[in-house]
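This report refers to the structure that appears directly beneath it.
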Amino acid sequence: MTKFKDVVKTEEGEVFDVELEKNVLEANRKLAQENRALLQKHGVKAIDVMGAIGAGKTSLIEKLIEKLKNRYRIAAFKGDLTTTIDAEMLSRHKVEVVAINTGKECHLDANLVKKALQRLKLDSLDLLFIENVGNLICPAEFPLGSDKRIVVISVTEGPFMVVKHPFIFMDADVVVINKIDLASAMNVDVKSLETDVKKINPRARVVTTNCRTGEGIDAVMAALGL
Ligand code: MG
Ligand code: ZN
């Protein structure tokens, strides 16, 4: 890789409100632990689905719901800035859906999830999908209390999605590479995306999918232990 020399970087303590940010992250972590304990108490398995806009998060969840709804009692949270488009899409599958509108925030946080959890009857649920706001950066820093974290990327985002956003992959249990039917048209090598993920997080299960046709959905279920 070429070394580009003219780069401005932030130094430790230089970013504005660094103390404030630390406090926010700490408060979020505590709330995430509370959410986790609440979900566990009621036997609900929660799955945080992260990924960029248009990667296929909603389509993946829709396909998973269709395959799993006879075996599990399912609900979904859908995080978006102000719209409920995806929430409506998910609710067509006859599962309970709560839309979480973040306003200007580009990620879900544990406090919003805590409030959304109050809308559900947790005892009548087994599985909760939480679709995060389309973003590959800050959701990494905001655990929600989920059991598993999925990151969805698609080949249409180009060959550098993984190396450019390492943090979100570090903590992922499952990485889904979607739209593999378009890989050759996009001139993207799926194998090298997979290698990029493994270098950052050898523990992650990597699954390739085409969420339009349903290809690979069984493998995602297996990777999630469902
Ligand atoms: Mg979506
Ligand atoms: Zn954000």
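For this structure, a couple of remarks:
- Some residue of region 51-72 being in a loop (DSSP other than H, G, I, E, B), within 16 Å of ligand 2 (Cβ to nearest atom) and of a type in the set (Ser, Thr, Tyr): no
- Pairing residues of region 29-46 that are in a loop (DSSP other than H, G, I, E, B) with residues that are buried (at least 19 other Cβ atoms within 10 Å of the Cβ), at Cβ distances under 6 Å and at least 6 apart in sequence or on separate chains, gives VAL44/LEU125; VAL44/LEU128.
- Condition met for ASP86 (of a type in the set (D, E, K, R), touching a Lys or Arg at 6+ places or on another chain (Cβ under 8 Å) and not in a loop (DSSP other than H, G, I, E, B)): yes
- When region 150-187 is filtered for residues that are farther than 19 Å from ARG205 by Cα and of a type in the set (Asp, Glu), the ones remaining, listed by number, are GLU157, ASP181.
- Hey, VAL133 buried (at least 17 other Cβ atoms within 10 Å of the Cβ) and within 16 Å of ligand 1 (Cβ to nearest atom) or not: yes
- Filter result for ARG212 (among the charged types (D, E, K, R), part of a loop (DSSP other than H, G, I, E, B) and under 16 Å from ILE61 (Cβ atoms)): yes
- Looking across VAL155, VAL133, one residue alone is touching a helix residue (DSSP H, G or I) at 6+ places or on another chain (Cβ under 8 Å), away from ligand 2 (no atom under 16 Å from the Cβ) and among the β-branched types (Val, Ile, Thr). It is VAL155.
- Options ASP173, ASP147: the member that is away from ligand 2 (no atom under 16 Å from the Cβ), free of Cβ contacts under 8 Å to residues at least 60 places away in the same chain and within 27 Å of GLU105 (Cα to Cα): ASP173
- With respect to (1) of a type in the set (Val, Ile, Thr); (2) within 15 Å of ligand 2 (Cβ to nearest atom); (3) more than 16 Å from the chain's Cα centre (by Cα), the lone exception for VAL95 is condition (2).
- Close pairs from region 111-137: first closer than 15 Å to ILE61 by Cβ, partner part of a helix (DSSP H, G or I), Cβ under 6 Å, at least 6 apart: PHE129/ILE61; GLU131/LYS57; GLU131/ILE61; ASN132/PRO139
- Residue within region 54-64 that is hydrophobic (A, V, I, L, M, F, W, C), surrounded by fewer than 22 Cβ atoms within 10 Å (Cβ to Cβ) and touching a residue at least 12 places away in the same chain (Cβ under 8 Å) present: no
Only the coordinates and a few stated rules stand behind these numbers; no lab work does. Predicted model only: the values in this text are computed from it and were never measured. Backbone-built Cβ (ideal geometry, glycine too); neighbour counts: all protein chains shown.
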